[in-house]
1. Go through the range 612-621 residue by residue and turn each phi into a ³J(HN,Hα) via Karplus (6.51, -1.76, 1.60, θ = phi - 60°); whole Hz please, and just put x for glycine and proline.
2. For the range 768-849, what % of the accessible area comes from carbon and sulfur atoms, probe 1.4 Å?
3. For the range 608-742, what % of the accessible area comes from carbon and sulfur atoms, probe 1.4 Å?
4. Report, in listed order, any pair from Lys175/Lys261; Lys95/Lys261; Lys175/Lys610; Lys788/Lys845 with a Cα-Cα distance greater than 26 Å.
5. With a cut-off of 8 Å between alpha carbons and a minimum separation of six or more residues, what is the relative contact order of the chain in percent?
6. Given charges of +1 on the Cβ of Lys and Arg and -1 on the Cβ of Asp and Glu, with all other atoms neutral, how large is the dipole of the chain about its Cα centre, in debye to the nearest 20?
7. Which residues' amide hydrogens lie under 5 Å from the amide hydrogen of Gln205, considering only partners 5 or more residues apart or on another chain, with H built in the peptide plane?
8. Around Thr422, which amide H atoms from residues at least 5 apart in sequence, or from another chain, sit under 5 Å from its own amide H, with H modelled in the peptide plane?
Amino acid sequence: MIIRSRALDVAFFGLFGRSAGLFLVLSSLAAAISLDGLVAIGPAASYASARDGIVITCSDHSQVKLQILAADLVRVRASFAKELPERDHSWAIAKTDWTTPQWSVKEAGGEILLVTDELEVAVHRSPLLVEFRDARTHRAINADQVPMMHDPASGAVLAAKHMGFEEHYYGLGEKAARLDKRRGQFTMWNSDTPAYREGTDPIYQDIPFYIGWQDRAAYGIFFDNSFRTHFDFGANLEGYAEFSSEGGEMNYYFFWGPSIKKILGRYADLTGHMPLPPQWALGNQQSRWSYFPDSVAEQVVARYRADDLPLDVLHLDIHYMNGYRIFTWDPQRFPDPSAFTAKLRAQGVKVVVIVDPGVKYQPSAAPATAQPATARPELGSQDKAYYVFDQGVAGDYFLKRQSGQLWVGKVWPGDAVYTDYTLDAAARWWGGLFRAYTDHGVAGIWTDMNEPSDFVDQTGKTQMDVVAFDGGARTTYAQNRNLFALGMARATYEGLLRLRPDERPYVITRAGYAGIQRYSTMWTGDNTTTWDALALSIPMFQTLGLSGQPFVGADVGGFMGRTEPELMTRWYQVGFLTPFCRNHAEITGYDHEPWRFGSYYEGIIRKYLKLRYRLLPFLYTALEEAHRTGVPLFRPLLLNYQEDDNTLSIDDEYMVGADLLAAPILRPGQTSRRVYLPRGDWYDFWTAKPVHAGDLQAEAPLETTPLYVRGGAILPMGPEMNYVGERTGPLNLTIYPDAQGSAQLSLYEDDGLSPAYLNGAFRRTAIIYRSAGTETGIDVAAPEGSYKTPARAWIFTIPNARSAASVVLDGAPLASRQAAASGPGWWQSGSALSIQIDDDGRAHKLAIR
């Protein structure tokens with residue numbers, strides 16, 4: 001956070017007449033960085049062209065490289081008073097082999113101008129200012145307000161951008177803040193922050209990527225700098241948006257939309273697309289700190305099944321371990337983990353276990369070679385020798401201080417050491433350790449405490465002399481703290497993939513950096529059992545989605561404190577549509593499994609969990625879109641309607657994909673609320689009645705959450721299930737025509753378990769509905785892809801249809817039948833028309849007359 005005095009304002013404006021040094025005056029309220037002075041980069045003296053851009057040499061020997069990666073993506077990299085360093089590496093970047101688009105460079109009017117089909121990048125020579133313009137209209141999109149700056153003493157760097165009068169800002173990863181970040185200031189420093197609330201900053205995870213919106217057009221900036229960084233969107237100085245870092249390079253990527261969806265797609269290209277998790281990850285998940293012994297965990301699952309509550313995953317927190325030692329099992333609480341997981345798996349429930357990065361510091365009393373080897377070290381006694389610690393020391397895999405001594409922190413097992421995930425051999429060793437779980441039937445891994453948390457010093461100040469290998473560069477803790485969880489997730493994901501190459505890894509993380517979506521899903525950490533926490537979760541999910549993370553969620557009911565039945569019920573009415581749906585509670589808190597509050601509340605929770613499972617075809621299709629395009633499943637209205645100024649700050653409503661809009665109740669005792677529906681046609685999900693766009697007052701008794709379907713959608717729903725894959729059945733496709741009488745769907749399906757979808761083993765089916773005049777038809781295209789679904793029926797339902805005289809399938813009449821009958825045919829029930837046909841994997845045409 002940077003807070004300027006009036007003296008700095010004068011210095012800024014003076015820059016335009018000279019290239020003097022700047023002094024940053026910080027008030028006593030400044031939270032993080034402390035600079036004695038900032039020096040502006042010198043004027044451009046010359047430039048040299050390369051294949052993919054230009055390198056500018058400045059009068060003070062600084063260099064600026066403008067690298068054109070795509071017509072809408074430009075990288076800006078600067079070094080101050082010296083040449084650009086030869087090493088150019090980022091753990092966040094997934095794609096480095098860009099095909100350089102057509103571009104040109106010229107000089108005119110004191111500017112160096114780079115031009116692609118979509119962008120103009122103008123570099124004003126003196127002072128050196130970078131401006132991005134729309135290549136079609138030549139309108140300025142984003143521009144430096146002052147030259148890039150640095151502090152020669154500390155190595156800090158800063159860029160200040162002009163902030164438009166109507167400019168709005170979104171993103172920055174996990175922030176306990178509202179959706180629109182305008183007038184906010186934020187710090188990037190992964191931090192263990194239990195019981196956070198709105199305004200707590202930083203918290204667990206940081207993504208230094210934001211989206212700017214102005215005049216209904218959007219751009220993006222990714223400041224790829226893993227040091228402690230700061231963003232200020234006009235909080236302390238009218239007219240400026242800044243990003244700065246306490247060290248490292250000035251290195252950022254500029255994305256041009258103007259569509260936000262296009263920016264998110266390009267960001268996913270750059271930092272990696274989320275792989276599809278196993279489909280059961282979309283199922284309901286239950287957790288507690290902690291369920292033990294094994295018999296208690298089994299009782300939880302048995303109660304779920306007895307109460308007809310869907311469940312796919314049970315989580316084991318830290319008490320399954322032997323003395324909090326990771327990669328071990330407690331011999332009394334879980335004496336036979338293989339039998340335990342098999343028993344739950346027979347009921348359709350997978351087991352996910354927590355794994356922290358802290359390895360118990362336990363030097364052996366005798367040399368490691370004196371300890372007898374065992375084929376199952378995770379099941380043995382660890383009292384005399386802890387095999388993970390011994391192996392890590394033998395391989396020299398743990399982080400050390402500059403003195404060469406191990407960095408010893410303190411977490412759940414007491415004194416603990418931490419793996420250097422930047423060392424390839426250490427990362428591979430870590431990944432191989434997961435056989436302690438996979439050999440016993442564990443289905444997924446929940447990584448926690450990976451900021452990294454250290455009970456001795458949560459700030460990291462006393463750890464700055466810790467050094468990471470980092471490809472031989474031996475970089476400091478200041479550069480690597482924000483990367484630690486990314487490295488842990490990478491090593492975990494890749495290890496699971498090696499151990500089970502035919503299964504999709506499932507990894508959950510608490511902390512992360514840009515690119516974390518390549519390896520892990522995430523949840524928002526240790527929230528509280530409050531209505532404020534419920535309300536805050538929605539903009540947090542939306543912000544994470546706008547920061548490249550599609551698979552997110554929070555602890556349903558809140559983690560810290562005692563929840564109450566109304567809050568729990570309303571929380572499930574949000575959670576049933578979030579990608580990660582998990583009920584979790586702290587160790588000393590009152591139990592809050594769904595049945596704890598009585599049958600009335602449990603019945604409402606059951607209703608929404610069952611609806612979630614019926615909506616799985618819709619949710620999975622939206623999740624695959626996120627994998628393929630980078631556009632998240634859980635969305636702010638802004639993402640689908642960025643031309644609508646009314647959506648800029650709406651963060652108490654959300655959309656799932658393009659077609660479902662939810663407006664949940666977020667305050668106690670509330671039974672109705674104002675809802676805003678953007679332009680277009682809408683239907684009430686519960687009644688299928690048309691609803692006008694604009695503002696409305698929605699009734700919402702405790703049993704109901706306001707839910708709307710976009711006109712033009714076809715909503716796929718499957719059968720009720722106790723767990724994902726339990727049964728197959730008819731696929732119900734409800735048609736909600738728009739004003740033109742049209743609706744469409746592209747339904748995605750695959751086996752839900754293996755990586756085969758990456759090689760074409762999927763099925764994508766396009767369905768189009770059209771109604772004009774007396775002609776109404778449904779076209780089902782031949783599926784794309786090699787995956788074959790089990791035999792089933794399609795049931796098309798048009799809720800508000802006119803009376804039909806006949807239905808023709810592929811030119812032949814289809815029989816009329818009663819709704820209670822079975823087999824292909826058509827029937828009417830009130831105003832709803834339903835048609836059932838066999839899904840035989842071929843194209844079909846239906847005509848309704």
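The values are calculated or read from the model by the stated rules, or taken from the named source; none is laboratory data. None of the values given here were measured: they were computed from a predicted structure. Don't worry about glycine lacking a Cβ; one is built from the backbone with ideal geometry, like all the others, and counts go over all protein chains shown. These accessible areas exclude ligands, DNA and RNA; they are computed on the full protein's heavy atoms, side chains included. Shrake-Rupley method; radii C 1.70, N 1.55, O 1.52, S 1.80 Å.
1. So the Karplus estimates, Gly and Pro as x, are 4, 5, 5, 7, 3, x, 5, 5, 5, 5 Hz.
2. 54
3. Carbon with sulfur: 49 percent of the solvent-accessible area.
4. Pairs exceeding the cut-off: Lys175/Lys610.
5. Rounded, it is 9 percent for the chain.
6. The dipole of the chain has a size of about 960 debye.
7. Glu174, Ser191
8. Phe469, Asp470
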